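Novice: The structure is given below, and queries will be raised subsequently.
The values are calculated or read from the model by the stated rules, or taken from the named source; none is laboratory data. What you are looking at is a predicted structure, and each value in this text was computed from that prediction instead of being measured. Cβ coordinates were reconstructed from backbone atoms using ideal geometry, including for glycine residues, and neighbour counts include every protein chain displayed.
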Amino acid sequence: MPKIADIEGTPNKNALKFILKEPLTWGVARSYDNAEAAQNDPLAAALFDIDHVTNVFYIDKWITVTQDGEANWQDLAREVADPIRAAPPASEQSKEIAESANEFIDQLSAEDQKRLEKINIMLDEEVRPYLQHDGGDLHILGLEGNILKIHYQGACGTCPSSITGTLRGIEHMLKSIEPDIQVIAC
């Protein structure tokens, strides 16, 4: 059962990041925007059973919980801590899911796979560490021609700056390796 090591605020005032002592997954991101999507994930489902929870995102040793802005974080943090502490630690299943997480990549041409690899390297070095520090992340949904489709996760998914400024910054950065690229948040 994961123990909470720390709780951090995020730039999104409606999201808190819980730092854990043990991993919940091994590199597998879990992101849910509603209770229906989380029904097969016991931890996320338990968190959505709590009033005011609107988003759950977790990977490895941290989890971000987003609320609707109507609850007092001091009270809500105590309430969401119980299901987090009761969650099972990472398992072999996490490794299997990680290996099949990006099936769309196999359907890309060899040239597009190389393009995506360069894009991911830049995102891993220049973008994801900052998003993860703030309780979020981004997941690539697809690469079609010059259109890169991404999905913000965790605190970034409901943060107004990620949809505007951060998205433009990512696109501007990626233009240094792909001059015609357009980045779309889905």
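Novice: Identify the residue in segment 128-165 that is touching a residue at least 40 places away in the same chain (Cβ under 8 Å) and in a strand (DSSP E or B) and, among all such residues, is surrounded by the most Cβ atoms within 10 Å (Cβ to Cβ).
Specialist: Applying the filter and picking the extreme gives GLY154.
Novice: Identify, please: which residue in segment 19-61 is under 13 Å from GLN153 (Cα atoms) and among the aromatic types (Phe, Trp, Tyr) and is, among those, surrounded by the most Cβ atoms within 10 Å (Cβ to Cβ)? Give the derivation first.
Specialist: Going residue by residue through segment 19-61, those that are under 13 Å from GLN153 (Cα atoms) are 28-34, 54-59.
With the extra rule that they be among the aromatic types (Phe, Trp, Tyr), the set shrinks to 32, 57-58.
Numbers: TYR32: 24, PHE57: 26, TYR58: 30.
Per the criteria, the residue is TYR58.
Novice: Looking at ILE50, is it closer than 13 Å to VAL80 by Cα and not in a strand (DSSP E or B)?
Specialist: On the way: closer than 13 Å to VAL80 by Cα: yes; not in a strand (DSSP E or B): yes.
Taking the combined requirement at face value, the residue satisfies it.
Novice: In this structure, is GLY69 of a type in the set (Gly, Ala, Ser), at positive phi and more than 15 Å from the chain's Cα centre (by Cα)? Spell out how you get there, then give the answer.
Specialist: Details: of a type in the set (Gly, Ala, Ser): yes; at positive phi: yes; more than 15 Å from the chain's Cα centre (by Cα): yes.
Answer is yes for this residue.
Novice: From the set of residues in segment 166-186 that are more than 27 Å from PHE48 (Cα to Cα) and assigned to a strand (DSSP E or B), which is modelled with the lowest pLDDT?
Specialist: Here is the first cut: in segment 166-186, the residues more than 27 Å from PHE48 (Cα to Cα) are 166-184.
With the extra rule that they be assigned to a strand (DSSP E or B), the set shrinks to 182-184.
Values: GLN182: 94, VAL183: 93, ILE184: 87.
Ranking the qualifying residues of segment 166-186, first place goes to ILE184.
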